[in-house]
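Shown next, in structure tokens, is the structure this report addresses.
FYI, it's all coordinate maths here, none of it is from the lab. Values in this document were obtained by computation on a predicted structure and should not be read as measured data. Counting neighbours? That spans all protein chains shown, and the Cβs are built from the backbone with ideal geometry, glycine included.
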Amino acid sequence: MEMPVPNQAILARKDAIVAGLKAVLPEPEAVISDPHETRAYECDALTAYRCQPLAVVLPATTEEVAAVLKFCHAEGLPVVPRGAGTSLAGGSLPTADSIVLGVSRMSGVLETNYADRYIRVQTGRTNLSVTGAVEADGFFYAPDPSSQLACAIAGNIAMNSGGAHCLKYGVTTNNLMGVRMVTMQGDIIDIGGAHLDASVYDLLGVICGSEGQLGVVTEATLRILPKPEGARPVLMGFDSSHVAGECVADIIKAGVLPVAIEFMDRPCIRATEDFAKAGYPDVEALLIVEVEGSEAEIREQLDKINAIAMRHNPAELRESTGPEQSAAIWKGRKAAFGAMGQINDYICLDGTIPVSQLPLVLRRMEELSEQYGLDVANVFHAGDGNLHPLILFDANKPGDLETCEAMGAEILKLCVEVGGCLTGEHGVGVEKRDLMLTQYNEGDIEAQVRVKDVFDGKWLLNPAKVFPLVTTKERRAA
Amino acid sequence: MTPKSESALAEAIRAAAAKKTRLHIRGGGTRAGLGHGVTGEMLNTSGLKGISLYEPGALTIVAAAGTPLETIEKTLAKENQRLPFEPMDHRALYGTNGKPTIGGVVAANVSGPRRIQAGACRDSLIGVRFVNGEGTVIKNGGRVMKNVTGYDLVKLMAGSHGTLGVLTEVAFKVLPAPEASALISIAGLDPARAVDAMSVALTSPFDVTGAAHKAAGEPVTMIRVEGFEGSVKYRAGQLKELLGKFGDVDVSLNGKANEQAWADVRDVKLVADGEGDVWRLSVKPSDGPAVAAALPDGAAVQMDWGGGQVWARVPAGADVRSLVNGISGHATLVRADEATKARLGVFHPEPPALAAISKGLRAKFDPHGILNPGRMG
């Protein structure tokens with residue numbers, strides 16, 4: 001993977017730059033420049049790529065963020081914004097000449113308003129602790145990425161994160177009402193708020209998912225929802241992935257809208273069983289379908305769902321009978337990534353496909369697995385077609401990572417070919433940057449790149465991400 | 001001009017760009033009053049018609065921008081599905097005829113009462129194709145429900161009123177239509193009590209899909225729940241009990257009548273009928289009563305979105321925006337004569353930093369300034 005050659009003039013000025021940053025942020029812990037300490041920021045959750053930044057800044061207020069960005073703008077320094085560093089796409093991978101701007105010290109709750117159903121937080125706050133701040137009062141924040149214990153709202157907004165429950169509640173962009181953002185020039189702007197729509201252009205919609213390239217979001221107004229009365233999962237096992245896929249489509253067509261429909265295939269089931277011992281059946285594919293409501297409502301929905309499942313001759317149909325069993329049903333799914341990590345190195349893809357293409361894509365992935373000689377385990381959000389194939393490789397075996405990446409690229413191209421996209425919830429980052437032209441043509445890319453021109457004319461914010469380097473070369477050099 | 005294909009439309013825009021000919025973009029023309037008047041050569045999108053893809057099992061529909069909304073809704077209804085965001089029909093408000101197009105719905109981000117639960121038009125919109133002011137065809141998003149590949153221009157196009165590009169194709173996530181609905185209503189509340197009542201409903205776990213208050217005439221506060229029949233009855237019963245402290249609570253399970261009642265709310269019938277200018281104010285719900293109180297005497301008021309969207313018919317020429325100055329949110333002058341629109345501005349002025357960004361975007365998408373110039377002020 002190619003990254004731009006670092007600007008030697010910037011590297012040579014390191015001492016002066018660090019002194020300048022310290023002048024802007026006088027607190028001793030706010031500027032980190034010792035290479036032993038900046039090492040913690042050399043990568044995010046895409047650990048295959050690492051690079052130490054020139055320095056790391058950890059401002060404590062929006063005003064400090066503005067002061068830092070104003071300084072970096074004047075000095076022509078690339079800035080890499082960072083939430084909690086859990087990006088799977090390399091969204092916060094630094095370059096050697098960049099300043100990493102972390103929002104981790106800004107994690108407070110600024111306002112909670114139940115009557116109007118929103119919470120305003122600083123964006124260094126973790127996803128789960130947003131819900132944590134309101135759950136005692138019967139509310140929750142809906143987007144629930146798998147990394148929710150660690151990931152920050154800043155990164156959720158940058159990547160427009162999803163999660164298992166977005167089939168019903170939508171992804172981050174559908175739950176984000178407003179932001180306070182600092183532009184690369186150091187201006188503090190407010191977009192949106194506690195009302196529901198934009199007066200003119202929907203700038204909020206463009207900020208969300210812009211991967212930290214348009215501004216640094218320091219505060220967010222988030223929609224919170226009253227917790228449902230109850231929830232219950234049912235686990236279904238099938239003798240073929242194809243049949244499981246058909247069952248998903250039939251459930252959706254029947255007018256039932258579960259909050260989650262999760263899918264795991266045999267390799268994934270086996271790995272999680274060894275690891276988490278959730279008691280999953282030995283089948284080709286399993287589905288976890290969860291519905292919400294009162295006891296009677298849950299019964300009504302599950303009766304319909306179970307009847308549909310029965311038409312597909314499930315090898316197993318296990319409805320939760322209580323909180324313990326519900327936890328057991330979810331246990332394996334939630335442990336899936338960790339389990340795979342125990343037995344292998346892997347890369348996790350995030351392509352999304354039309355649900356109708358599921359059987360075809362699963363079959364093609366098996367073929368690619370044979371062709372490349374690498375195993376694939378599948379665990380994904382089936383209701384919305386968001387696949388997470390895990391390609392297993394051995395990091396100690398020379399060439400294995402490259403083979404794995406090549407196979408990953410083939411799978412993502414396949415997703416695009418059948419009408420889907422490269423990434424459903426992780427973002428492009430550096431990981432999928434060079435595949436963008438398989439989904440979009442140059443004109444499509446140019447339209448997006450021009451949006452960045454408007455917000456960040458000098459191309460200093462997270463500049464080497466999202467778009468193929470060749471398409472942004474002149475802008476970055478200017 | 002009424003191009004019959006996307007490539008013909010792109011060609012027409014390229015030709016107009018070469019000659020700097022201003023274009024007035026039009027779909028069905030039913031919302032022509034929304035925004036400032038535009039002078040220019042008419043570019044009609046109604047020649048771009050047809051549903052190119054509909055997969056009920058994937059909850060996805062893709063159609064050409066000029067496809068009548070009616071066609072989309074009928075097609076979805078056959079599979080017992082619907083657009084989640086309940087788009088308003090502006091014909092009564094503007095006294096227009098013709099057929100609303102799906103592209104027009106997107107261009108104005110038209111959303112109805114269900115916005116509070118299912119999101120706005122922009123939330124269901126998953127992909128667009130459009131032609132920018134240079135005649136370049138641009139695709140963004142796609143036909144899948146989750147897509148974070150590159151910047152989300154889909155949202156930007158929704159509500160841009162044809163000033164950033166001419167939509168040629170739109171893709172939506174759709175939802176199953178419910179089996180049953182209940183209308184829970186309370187008569188006689190003032191706006192403050194009504195918003196309190198709606199807030200109680202909306203903070204309950206009973207999945208409310210509509211919360212509106214008609215403040216004119218005999219005031220009535222309306223709450224809607226939808227879903228499977230048993231569930232609807234249960235939730236209506238729970239809400240009736242919860243709302244008892246606000247007065248006598250009526251529950252109607254008559255699906256047809258409920259549908260009509262919400263269609264009237266959606267199309268702001270109460271405000272549309274009668275002389276005067278019409279404003280739409282978007283605020284946080286608990287500010288709704290303050291907005292209603294600030295309006296000129298004799299205003300006809302309907303609140304939707306739990307109080308967060310206030311529709312008001314006021315005497316012609318009244319500057320409602322100046323009356324709600326201290327309240328954050330925005331005020332749009334939806335219906336007025338062109339002179340009043342020019343004097344007061346249709347869209348709420350943005351703070352300078354945001355206005356500069358909007359202007360910058362317009363210059364990038366339409367460098368010659370030929371797409372609906374002046375439409376958004």
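Are there any pairs, at least 6 apart or on different chains, whose C-beta atoms fall under 8 Å, with the first in the range A:69-94 and more than 19 Å from A:Val5 (Cα to Cα) and the second basic (Lys, Arg), and if so, which?
Going by the 8 Å Cβ cut-off, the qualifying pairs are A:His73/A:Lys458; A:Ala89/A:Lys432.
Of the conditions (1) away from every other protein chain (no Cβ under 14 Å); (2) in a helix (DSSP H, G or I); (3) surrounded by fewer than 16 Cβ atoms within 10 Å (Cβ to Cβ); (4) out of contact with any helix residue (DSSP H, G or I) (no Cβ under 8 Å at 6 or more places or on another chain), A:Asp303 clears all except one; give me its number.
(1)
Could you please find all residues in the range B:201-229 being at the interface with chain A (Cβ under 9 Å from one of its Cβ atoms), more than 14 Å from B:Arg114 (Cβ to Cβ) and hydrophobic (A, V, I, L, M, F, W, C)?
B:Phe206, B:Phe228
Run down A:Val379, A:Val291 and say which single residue is closer than 28 Å to A:Leu88 by Cβ and not in a helix (DSSP H, G or I).
A:Val379
Give me the residue from the range A:431-478 that is within 21 Å of the chain's Cα centre (by Cα) and facing chain B (nearest Cβ under 7 Å) and, out of that set, surrounded by the fewest Cβ atoms within 10 Å (Cβ to Cβ).
In this case the residue turns out to be A:Met436.
Name the one entry in B:Val62, B:Val38 that is of a type in the set (Val, Ile, Thr), within 24 Å of the chain's Cα centre (by Cα) and farther than 14 Å from B:Arg375 by Cα. Quick ask: steps written out before the conclusion?
On the way: B:Val38 fails: farther than 14 Å from B:Arg375 by Cα.
Of B:Val62, B:Val38, the one residue that is of a type in the set (Val, Ile, Thr), within 24 Å of the chain's Cα centre (by Cα) and farther than 14 Å from B:Arg375 by Cα is B:Val62.
Taking the residues in the range A:136-170 that are polar (S, T, N, Q), out of contact with any Phe, Trp or Tyr (no Cβ under 8 Å at 6 or more places or on another chain) and touching a residue at least 24 places away in the same chain (Cβ under 8 Å) as candidates, determine which candidate is farthest from the other protein chains (Cβ to nearest Cβ). Talk me through it step by step, then tell me what you get.
Step one: list which residues in the range A:136-170 are polar (S, T, N, Q), which gives A:146-148, A:156, A:160-161.
Still in the list and also out of contact with any Phe, Trp or Tyr (no Cβ under 8 Å at 6 or more places or on another chain): A:147-148, A:156, A:160-161.
With touching a residue at least 24 places away in the same chain (Cβ under 8 Å) added as a condition, the list becomes A:147, A:156, A:160-161.
Working: A:Ser147: 15, A:Asn156: 11, A:Asn160: 5, A:Ser161: 8 Å.
Checking each candidate, the answer is A:Ser147.
Please go through (1) surrounded by fewer than 22 Cβ atoms within 10 Å (Cβ to Cβ); (2) at the interface with another protein chain (Cβ under 7 Å from one of its Cβ atoms); (3) part of a loop (DSSP other than H, G, I, E, B); (4) not β-branched (Val, Ile, Thr) for A:Ala249 and return the number of the only condition it doesn't satisfy.
(3) is the only condition that A:Ala249 fails.
Okay, residues lined up against (1) outside any loop (DSSP other than H, G, I, E, B); (2) of a type in the set (Ser, Thr, Tyr):
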{"residue": "B:Gly29", "(1), (2)": "no, no"}
{"residue": "B:Ala32", "(1), (2)": "no, no"}
{"residue": "B:His36", "(1), (2)": "no, no"}
{"residue": "B:Thr39", "(1), (2)": "no, yes"}
{"residue": "B:Leu48", "(1), (2)": "no, no"}
{"residue": "B:Leu53", "(1), (2)": "yes, no"}
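Residues are listed down the side, and each one gets a yes or a no for (1) touching a Ser or Thr at 6+ places or on another chain (Cβ under 8 Å); (2) farther than 30 Å from A:Ile189 by Cβ; (3) touching a residue at least 24 places away in the same chain (Cβ under 8 Å):
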{"residue": "A:Glu219", "(1), (2), (3)": "yes, no, yes"}
{"residue": "A:Lys227", "(1), (2), (3)": "no, yes, yes"}
{"residue": "A:Met236", "(1), (2), (3)": "no, yes, yes"}
{"residue": "A:Ser240", "(1), (2), (3)": "no, yes, yes"}
{"residue": "A:Ala244", "(1), (2), (3)": "no, yes, yes"}
{"residue": "A:Ala249", "(1), (2), (3)": "yes, yes, yes"}
{"residue": "A:Ala254", "(1), (2), (3)": "no, yes, yes"}
{"residue": "A:Glu262", "(1), (2), (3)": "no, yes, yes"}
{"residue": "A:Arg266", "(1), (2), (3)": "no, yes, no"}
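In this structure, is B:Leu156 at the interface with chain A (Cβ under 10 Å from one of its Cβ atoms) and buried (at least 24 other Cβ atoms within 10 Å of the Cβ)?
Values: at the interface with chain A (Cβ under 10 Å from one of its Cβ atoms): yes; buried (at least 24 other Cβ atoms within 10 Å of the Cβ): yes.
In short, yes.
Is it the case, given these coordinates, that A:Ser161 is farther than 18 Å from A:Ser104 by Cβ and of a type outside the set (Asp, Glu)?
Numbers: farther than 18 Å from A:Ser104 by Cβ: no; of a type outside the set (Asp, Glu): yes.
For A:Ser161, the condition - farther than 18 Å from A:Ser104 by Cβ and of a type outside the set (Asp, Glu) - is not met.
Every residue in the range A:118-135 that is within 14 Å of chain B (Cβ to nearest Cβ) and either part of a helix (DSSP H, G or I) or farther than 10 Å from A:Leu222 by Cβ (or both), please.
Residues satisfying the conditions are A:Val134, A:Glu135.
Within the range B:33-72, count every residue that is hydroxyl-bearing (Ser, Thr, Tyr) and within 14 Å of chain A (Cβ to nearest Cβ).
3
Just a yes or no: is a residue in the range B:336-350 of a type in the set (Val, Ile, Thr) and more than 14 Å from chain A (Cβ to nearest Cβ)? Reasoning before the result, please.
Looking only at the range B:336-350, we keep the residues that are of a type in the set (Val, Ile, Thr), and these are B:340, B:346.
Checking which are more than 14 Å from chain A (Cβ to nearest Cβ) leaves us with B:340.
Yes.
Are any of the residues in the range A:171-188 within 11 Å of the chain's Cα centre (by Cα) and within 11 Å of chain B (Cβ to nearest Cβ)?
Checked the range A:171-188: at least one residue is within 11 Å of the chain's Cα centre (by Cα) and within 11 Å of chain B (Cβ to nearest Cβ).
Given the condition within 11 Å of chain B (Cβ to nearest Cβ) and among the charged types (D, E, K, R), answer yes or no: does some residue in the range A:380-387 qualify?
Scanning the range A:380-387 turns up at least one residue that is within 11 Å of chain B (Cβ to nearest Cβ) and among the charged types (D, E, K, R).
Hey, can you tell me all the residues within the range B:55-75 that are surrounded by fewer than 22 Cβ atoms within 10 Å (Cβ to Cβ) and either in a loop (DSSP other than H, G, I, E, B) or aliphatic (A, V, I, L, M) (or both)?
Passing the criteria: only B:Val62.
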